[in-house]
Structures are given as C-alpha cells and as structure tokens.
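Here the structure comes first, spelled out in structure tokens, and everything after it is commentary.
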Amino acid sequence: MTAVLPARAPEAATELPPAAEAPRTARAGLPGTVARFVGRWSLRALVAGAVVAFLGLAVGPHVLGYRTMTMLTGSMAPNIEAGDVVVSTPLAVEDVEVGMVISYHIPIDDHRVVTHRVIEVDRTADGTVAVRTQGDANDAPDPWTAVLSGDTAYQMQAVVPELGNLITVLRDPVVNKVLVYGAPALLAGWMLLVIWRPARDEDDEPAADEGQPAA
C-alpha cells in the first residue's frame, strides 16, 4: 500500500532591501564655471561703470546744467579732499548767502576756478554781488573780493570721493593709449566669446539602482 504524503506549501520569497544609491560625485567643471561667471560679471560691471562715468562727466553737464570740477588742493578738507570731484548746480547770483560753498573764477592771476565757502556777501544798489570766501582748512580768508559776474553762480551739491584721481590717471598718455587700443580689443573678444560660446551639456545624473525582489 502506497502512503500519500501531504504537499508542503512553498514559502514566500523574502524581499531584499534596495541597493544603496551610489554617492554623486562633485561636478568636475565647477571651478571653471565659477571663474567664467566671475569674469563675465566683472567685465559687465567695468563696462557699466565706464558708461555711467561718461554720462555723468561728459553728457550730464550739457543736459542737466550742473558742473563738475576736480579739487586740486586740500583747502576744503575734510569735507572735500584733494582728488575729489565737486558737483555744483546753478544758483541765481542774488540768492548767494554766507555759508554756501560756491565755485567761481578768482579775480587775480590766472582766474582759475576755486570752490570755497562764502564768509561775506556785499550787494550794491545796482545789483552787483561781491563775495569774500575762505577754504575750510585755511587759517585766513582768500586775499581778494570776487564780483560774481552774470546772473548765475554755482553752488556745491555733492562730492564724489577720489574720482578726480581716477580721471588724472586716465589722462596719462600711456594709460590713454592702452585704453584707446586695449578697450576695443577686449570688447571685441568678449562679443566673440558670447557669440561662439558652445552650449553647455546637461549634467548626466547617475541613475539609482533599484533592488529587484528575488523569485
């Protein structure tokens, strides 16, 4: 007689944990990308600064009517140092008052323009306005009395530190030649770089290994 053994049910397959994701490596071209980014924006900032300076010093006075002058001495220190640029706006001569800082032609020697503080105003019956001035850093008043000719004087409104020193450097013959010939070359090179720069490839993301359940 043959014995029949009961069938044994198969055990359920155990599921293996998914394989750990491989760590992503740092982007190999990161230093180069940062260098290109810094160089590109530095050049843009330089060009923008040059444009703003040109508009402010060359175009602005003709369009908006203000004047700019480089302070050559420290006679108005500490408010205005040598090498600073003074920005002055028009003012009616009859409105000039003691305490104002004005730019005007001195009545002696080379009739150069100075920017000093008004310490005395003398108005005559015919409308003539004469002033005495003094530099803030000077111990004595200027040795002259200046008659303000015309209808307009120029009162200081703003000071741009060190800009006059930069202008002096740019006017140097050697620096001027470098800018005349070098700036267009740099601009042309930058434009060619922008036009012919190869498109960046998308970074390949490492695919994560997915665990497969065992049969």
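No value in this document is a laboratory result; all are computed from the given coordinates. From a predicted model like this one, the values you see are computed outputs, not experimental measurements. Neighbour counts are summed over all protein chains in view; Cβ atoms, including those assigned to glycine, are modelled from backbone coordinates with ideal geometry.
Brief remarks follow.
- Sorting the segments 127-139, 161-173 by their residues' average number of neighbouring beta-carbon atoms within 10 angstrom, most packed first, yields 127-139, 161-173.
- Net lengthening on full extension, residue 45/residue 183 (0.36 nm per residue, minus Cα-Cα): 48.3 nm
- 5 Å binning of all Cα-Cα separations within the stretch 65-161, expressed as whole percents from 0 upward: 3, 14, 26, 27, 20, 9, 2, 1, 0
- Packing-based exposure ordering (other Cβ within 10 Å, fewest first) of 105, 111, 116: 111, 105, 116
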